[in-house]
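The structure appears right after this line, and notes come after that.
The values are calculated or read from the model by the stated rules, or taken from the named source; none is laboratory data. Predicted model only: the values in this text are computed from it and were never measured. Here the Cβ positions follow ideal geometry from the backbone for every residue, glycine too, while neighbour counts run over all protein chains shown.
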């Protein structure tokens, strides 16, 4: 028995491929039907897929670039300041992973040394505030609470309560400074234009502030020498002074202030006292709280999870009362409207895409079947000349496969030139179309191979 040559499989597949290529060449213009049809259908599918992919990209960009703020408010929703917000509460929310930046405001009573603008000025000796001997401390601090100006320690002045609902902040900075100064630990401040004019100050001037700590029952006064680096147009009803948040509990104090503090506490341990002053002092306020807090949210695609966290933690929307007795507003109306609009468009395009895709693959399946059946006589001739079922199947199938792929490749090239890149949905669609076309061709050839070749050859006689 003669052994099979090792090159036999190659010769067989070479014959099959040559037969397919010869058939394509001989077909001439008729063979353009398949690639042109596949080109049009694949291009049509690709364009619909591109529209869906573009809308999904727009949705991702929307989530990435949108700015959604959340802020603490009163139960009625009418106030965003004069609240009592524990820093630990703020830190817990920040640790959820949904907070990109936190904007805090702590408001304290203050007096500008040398500025005769309030009742408290009677205690002003030009350098410090001096409480007369025997004067009731409670009366002194009550006058301070009622008549002093306010200093706001903010991490971002644009998000301070006074400007929170304003579209733009009218502010002028000293050369070399900008809004980022409030995020740094510098002894600087911003005053309203009205206060600047009334007191005769200019940008670059230095002033001394006497800032009262938040605890009136055991208050001390922090003195701060600060430089005016900005002036702004007042929006609120009061002339407020703004300083960086990190300066809230820092300054220097008079050694003689000990007589006005709880004798059981030592405010000066670890600090050097020079000429009766405790410099670089940092007061640890056990009752420190923020008066206003807002947050820029991130991870907006999963914002529903953040809302669930707030509800589970006892925070409430306006009008309800949760266990935390804190109210938080999330300004996501504009985002929700935009997301809903894009999702509606995506849903509409997906429905159309399914219909168009089903039509395209149906056309491809039917076209491949019809074109293959039209060549039954050619298949019968190959069989009569000694070609087996496998060779005839492979030759006809490869011919149709090459013609289909040629049209799809042309569509891909056009789309790449037009759009620059193809989304996964488009690639999957092309593969699906090609697969259905090949399936139609394969089924048709297999069915023809089962028919008696004598019947095919004599059918036309």
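A quick yes/no check of all residues on (1) more than 40 Å from the chain's Cα centre (by Cα); (2) closer than 30 Å to residue 56 by Cα; (3) at pLDDT 85 or above:
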{"position": "391", "(1), (2), (3)": "yes, no, no"}
{"position": "398", "(1), (2), (3)": "yes, no, no"}
{"position": "417", "(1), (2), (3)": "no, yes, yes"}
{"position": "420", "(1), (2), (3)": "no, yes, no"}
{"position": "429", "(1), (2), (3)": "no, yes, yes"}
{"position": "435", "(1), (2), (3)": "no, yes, yes"}
{"position": "445", "(1), (2), (3)": "yes, no, no"}
{"position": "454", "(1), (2), (3)": "yes, no, no"}
{"position": "459", "(1), (2), (3)": "yes, no, no"}
Inset, instruction - Any chance you could count how many residues in segment 288-304 are more than 12 Å from residue 105 (Cβ to Cβ) and outside any loop (DSSP other than H, G, I, E, B)? - result: 8
Legend entry - Residue ID - farthest from the chain's Cα centre (by Cα), chosen from residues in segment 54-85 that are assigned to a loop (DSSP other than H, G, I, E, B) and modelled with pLDDT of 90 or more: 67
Legend entry - Filter result for residue 93 (surrounded by 15 or more Cβ atoms within 10 Å (Cβ to Cβ), part of a helix (DSSP H, G or I), in contact with a strand residue (DSSP E or B) (Cβ under 9 Å, 6 or more places away or on another chain) and in contact (Cβ under 8 Å) with a residue 40 or more places away in the chain): yes
Inset, instruction - All but one of (1) at pLDDT 80 or above; (2) out of contact with any helix residue (DSSP H, G or I) (no Cβ under 8 Å at 6 or more places or on another chain) hold for residue 404, so report the exception by its number. - result: (2)
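Within segment 52-73, work out how many residues are in contact with a strand residue (DSSP E or B) (Cβ under 8 Å, 6 or more places away or on another chain) and surrounded by 14 or more Cβ atoms within 10 Å (Cβ to Cβ). Please lay out each step first, then the result.
Residues of segment 52-73 in contact with a strand residue (DSSP E or B) (Cβ under 8 Å, 6 or more places away or on another chain): 67-73.
Keeping just the survivors that are surrounded by 14 or more Cβ atoms within 10 Å (Cβ to Cβ) gives 68-73.
The number of residues fulfilling the criteria is 6.
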